[in-house]
Each structure stands twice: as structure tokens, then as C-alpha cells.
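A short write-up of the structure that comes next.
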Amino acid sequence: MTIQRPRGTRDFLPMDSFRRGAVKKGMVELLERWGYQEISTPTFEHLELFTIKSGPSITEEIYAFQDKGGRDLALRPELTAPVMRMYVNELQKAPKPLRLHYFGNCFRYERPQRGRFREFWQLGAELIGSDRPDAEAEVISLAHDLITGAGVNGDLHIGYLGLIRSMMKMIPAAERAEVMRLIDKKEKGLLAEKLQEMEMDDLGLIELLQIEGKTALDRAEELAEELARMGEDLPDEDSCVASSEVSPTSAAGDRAARSDRAAPSDLDLPHFREVVELLSIYGVEATVDFQIVRGLDYYTGTVFEIYATGLGAQNQICGGGTYQLAGLLGGQETNSTGFGIGFDRIMEIVTVDETPAAAVAVVFVPQVRGEAVKVAKILRHRLSAPVVVDVMGRGLGPQLKQASSIGAGYAVIVGPKEVEAGKFTLREMGTGSQEALSIDEIAEKLAG
RNA sequence: GCCGGGGUAGGGUAGUUGGCCAUCCUUUGGGACUGUGGAUCCCAUGACCCGGGUUCGAAUCCCGGCUCCGGCCCCA
């Protein structure tokens, strides 16, 4: 039995790698054109970075381990936390805003499925330092452009967490986790029952989740006003933000505190309206959808997701929003908006038209091998196409056969006659036509 | 963690009422063909996912595991 690759990992053969490289290149070019600069962070980090962001239960779902020095480490399960860690460590004093993009492998210990692997790649961007609608609209438009630029038909949904956050404050703390779960699962029937049970069915929560389309924002604003009136007699400002793992850890406490700090802007729907209006100026079509909650833990307002068809159950190809994470990581708090694109899912649905450049084979008669190597060296210097020379000790015929089977566009034939004349035979593999040319002429002809 | 369907050379496959050296195609290496490729022919390399069990005998039947695919749970 040979050694197999670990579960949930993949090998990328030359063709796979070429396709991935081509798509990545297109995306990176676009990011650079928007003024985003590439960064990278380590493949592993201190486990704490991820537990601070997501709670201790995250440990179950990631590759966490101790190194020989007894340090608790983890293979990164996502890239937002590492990027913000980098920001807090070394970029806090950089001029704002910061526009950053990244591409890297991430790891999660989960059951592999279609579009879900234990090692997967995320491409993303973060815009750090602005809390204005302008920043949010830019980032959402950028995500949208990246997806469509790759040739993928994405369905963009944009939501706003402030309203739901305010409504959750009216719901008894003990019930919030369950209510959030139902919202996330889109279990509207069960949710309605639950709210009725608690006599909270006048909150407008159900309606909020259902409204969409052109008038969605107007109606949401009305709901916000009603909510503001109800909020006058808000009870104690206790306890934490809803979270599936309600735990009395300091991290959860921090999160609660921060979410309360954000409270004054929770009902700032004009802000959200501005984002939507800017998006339409960018020419980006978005569906307003208050069902998007994205965990809620550290996102503060606008959130968005992009879905693609043809991917089965894992159809989300992009997710992001506005968040505050710098404070949690020990820095001075600042607003950021960012997103991550599931690169592997993109690769499952795109078609790549580009093909690798055809090689040029330097084919030689054994007694002039040295000359052939020199010719190859010169051509490698002057051509962008790959240049290959036989290393199998084959004769001229088999070398041409080999050139043909690897799809070479041209063969440069080097034999005693050519060496003597200073002109080599350039053979076009597709047609079989040949001409005698100097090395400069060959380089010139093939370079163009 | 749960449910269902699969695993036969590098790739694609035939073969299960248990029974000859496991079929064919392709790929790869060599040769016919030591200065001109794609064709053809010949030769070679190469597989029953792993471990138990039943049996005179298992690719085939049974059990366990691994793994892939689809779905659930979860999804930072």
C-alpha cells in the first residue's frame, strides 16, 4: 500500500495548478487595480487568536496542537483574524485607510464534502480604518467585481445587523441563542412559534426577515422607529450578545461589552441606506436581506454574502461585512470591512480559457549535445515559452516523438550540419515545415 | 457525530448463483527505426482499499476500519 494523501486534502496536477494560477492572477490584478496591497501571514498562529475571536469551542473544529516548546498553536482556519493580528502588531500607525488583500490556505477539521475540504484556499480583502458607508460600498463592490470578473454568476445579498441586534435586546437573554439559531437556519415557522411563546411577536422580527425588494428599506426604517419607541423602557442592559456557545469566558464578556458600545448606532438605518445607494452607483445589484446574520459575534452592521448556483449544498462563495476586531486583539478599536472568497468553490464553477504556453523542444544528434545545451540556454534567455532538451539519451526520432507528445509548438534541430553552418533547423510541429535560421532569427521569430 | 452510495494497474473499465494464469482500452519505458514526430506491430512495467471471518477455494459472501461522493449537523 502506498501512502495516501491525508483526508480532505488535494493534489493539484499541472493542469489544476495552471487553472488555479490563472484565476488567482486575474483576481489579484483586479485587487491591485483597486489599490489593495498584498500581504501574507503565517500558516499557524497561537490558538488564542482564534479562540478570542470565535470562542473556545472553535478548538474542536480546527487543527490545534502543541509544539515541542509546549505552545498552543493552530493551523489558521480563516484569514481575517491573522490579518487583524498583523494590523494590531505592526500597522496601527500606518496612514488610514489600509487596503489589504491576501490569498492563503486555511485548515478546518471537518467532514469533507463537495466544496468543503480540510485544506482550502481563501482569497480576501480588508479595508481598515473607515466606518463610513463609502468603505462598505467599496468593499462589497470589489467582492462583486472579483466574482463576476472570474466569470461566475453570483447572487449578492446584503443585510444589516443593527436592527436584529436591537430586537435581540428585547428578548430574554436566555432565549437569544435559540432565536438566533432559528434565524440562521431560516426556520421561520418555528421562529414564529417561539416568539409567540415569549409574547414577543410584536417585535417585527418575523416581518423584518421577510421583507425584501425596493420597499424593504422603507419598511425597515419604520420598524426601527417603532423599536426605538419601545426601547425607551428597555430593561437592564445586561448580558451578552446571542451566541450559540453561551459561555462565561472573558472573551464572551468582551464581546458583549463591545456590542453594547456599538449600540447607539444599531438603528442607524440611514447609514445602511447610503450603502445601498452607493452600491447602485457602483452598478452592483444587491438583494436586501435581513436574514443574513453571519454569526453576529463581531460583525457590527452591514453584512453580505454571495451565492452561486451549481455548487450543491455549499453554495456560498463569498461572505463578509463590517466588524470591529482590533480591540479584541489588544489594539485600539477601529472599523474594518472585509470579505473572504472560497477560492476552491470558485474553481469548481469557472471555466478557464487560457492554456499553458506551448514548449519549444531543442532536438539534437548525440554528438553535438553540448551545442544543443548552449542553444537551449540562449533560447531560455530570449523566449517566454518553455524550452526543453532531451535528458533520456534518445535519438533524434524519439526526441521528436517526445516533443510531439508534450504538445511542443516548435522543435529546433541541432546536428553537425547545423553547427557547422551556424544555422539551425526550425521545425513547426503542427505542419512539419522547416527552415534554416540563425539563433537570432529563431529567437526573433518565436518571441513575437 | 449521523444517513445513503461507491473503492479492480497512473487514468478509464470487464468480471459477484464463490472455482483456470483477473478482461480490454489508454498511459509510461524499451524495440522494429543510432539526422526527422504523430501510424502500425512486438516486448516490458503495472491493480482487486486495508484487516479479520466463513470456505477445500474469496475481487465476489459476512464483520470492522480507511477513504471518496451526495445529504444532514456545523460553518469562524
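The values are calculated or read from the model by the stated rules, or taken from the named source; none is laboratory data. What you see is a predicted model; the values in this text were computed from it and never measured. When we count neighbours, we look across all protein chains shown, and the Cβ atoms used for this are built from the backbone with ideal geometry, even at glycine. For accessibility, only protein heavy atoms count, side chains too; no ligands or nucleic acids. Shrake-Rupley method; radii C 1.70, N 1.55, O 1.52, S 1.80 Å.
Quick one: order A:Met429, A:Met168 from most to least accessible surface, probe 1.4 Å.
Of A:Met429, A:Met168, the descending order of accessible area is A:Met429, A:Met168.
Could you run the Karplus curve 6.51 cos²θ - 1.76 cosθ + 1.60 with θ = phi - 60° over segment A:96-104 and give me ³J(HN,Hα) per residue in whole Hz, x for Gly and Pro?
For segment A:96-104, the Karplus curve yields 9, x, 9, 10, 10, 9, 8, 8, x Hz.
Students often get this wrong, so check it: of A:Lys377/A:Lys423; A:Lys24/A:Lys96; A:Lys24/A:Lys377, which have C-alpha atoms separated by over 22 Å?
A:Lys24/A:Lys96; A:Lys24/A:Lys377
How much accessible area per residue does chain A have, counting only protein heavy atoms and a probe of 1.4 Å, in square angstrom?
Details: 22320 Å² over 448 residues.
Ligands and nucleic acids excluded, the figure is 50 Å² per residue.
For chain A, what is Rg from Cα atoms divided by 2.2 N^0.38 Å, rounded to two decimals? Don't skip to the end; give the middle numbers.
Numbers: Rg = 28.8 Å, N = 448, 2.2 N^0.38 = 22.4 Å.
My calculation over the Cα atoms of chain A gives 1.28.
Can you tell me the order of A:331-341, A:15-25 when each peptide is scored by its average per-residue count of other Cβ atoms within 10 angstrom, highest first?
The densest-packed peptide leads the list: A:331-341, A:15-25.
Sort A:217-229, A:391-403 for me by packing, meaning the mean count of neighbouring Cβ atoms within 10 Å per residue, highest on top.
The packing order, highest mean first, is A:217-229, A:391-403.
For every other residue with a beta carbon closer than 14 angstrom to the beta carbon of A:Gln399, add +1 if it is Lys or Arg and -1 if Asp or Glu, then tell me the sum.
+3
If you place +1 on the Cβ of every Lys and Arg, -1 on the Cβ of every Asp and Glu, and leave all else neutral, what size is the dipole of segment A:361-436 about its Cα centre, to the nearest 20 Debye? Before the final figure, lay out each step's value.
Working: 10 positive and 6 negative charges, 39 e Å.
With only Lys, Arg, Asp and Glu charged at Cβ, the dipole is about 180 debye.
From the phi angles alone, apply the Karplus equation (6.51, -1.76, 1.60; θ = phi - 60°) to segment A:204-211 and give each ³J(HN,Hα) in whole Hz, x where the residue is Gly or Pro.
Working through the residues one at a time gives x, 5, 4, 5, 4, 6, 9, 5 Hz.
What order do you get for A:43-52, A:141-150, A:349-358, A:316-325 when each peptide is scored by the mean count of other beta carbon atoms within 10 Å, highest first?
A:316-325, A:141-150, A:43-52, A:349-358
For A:Trp34 and A:Ala94 in the same chain, what is the full-extension length gain: residue separation times 0.36 nm, less their Cα-Cα distance, in nm? Spell out each step's value before the answer.
Values: separation 60, 0.36 × 60 = 21.60 nm, distance 1.85 nm.
Difference between extended and current length: 19.8 nm.
Explain nothing, just the number: dipole magnitude of chain A about its Cα centre with +1 on each Lys and Arg Cβ and -1 on each Asp and Glu Cβ, in debye rounded to the nearest 20.
The dipole of chain A has a size of about 3100 debye.
Could you compute the net charge surrounding A:Gly35? Neighbours are other residues with a C-beta less than 11 Å from the C-beta of A:Gly35; K and R count +1, D and E count -1.
0
Expressed as an acute angle from 0 to 90° and rounded to the nearest 10, what is the orientation of the C-alpha long axis of helix A:250-261 relative to the principal long axis of chain A?
70 degrees
For chain A, what is the relative contact order in percent, using Cα pairs closer than 8 Å and at least 6 residues apart in sequence?
For chain A, the relative contact order is 17 percent.
With a Förster radius of 45 Å, plug the Cβ-Cβ distance of A:Ile378 and A:Met15 into 1/(1 + (r/R0)^6) and report the FRET value to the nearest 0.05.
The value I calculate is 0.95.
How much of the accessible area of chain A, in percent, comes from carbon and sulfur atoms when a 1.4 Å probe is used?
Answer for chain A is 50 percent, counting heavy atoms of protein chains only.
On a 0 to 90 degree scale, rounded to 10, what angle separates helix A:173-184 from the longest Cα axis of chain A?
With both axes taken from Cα atoms, the answer is about 40 degrees.
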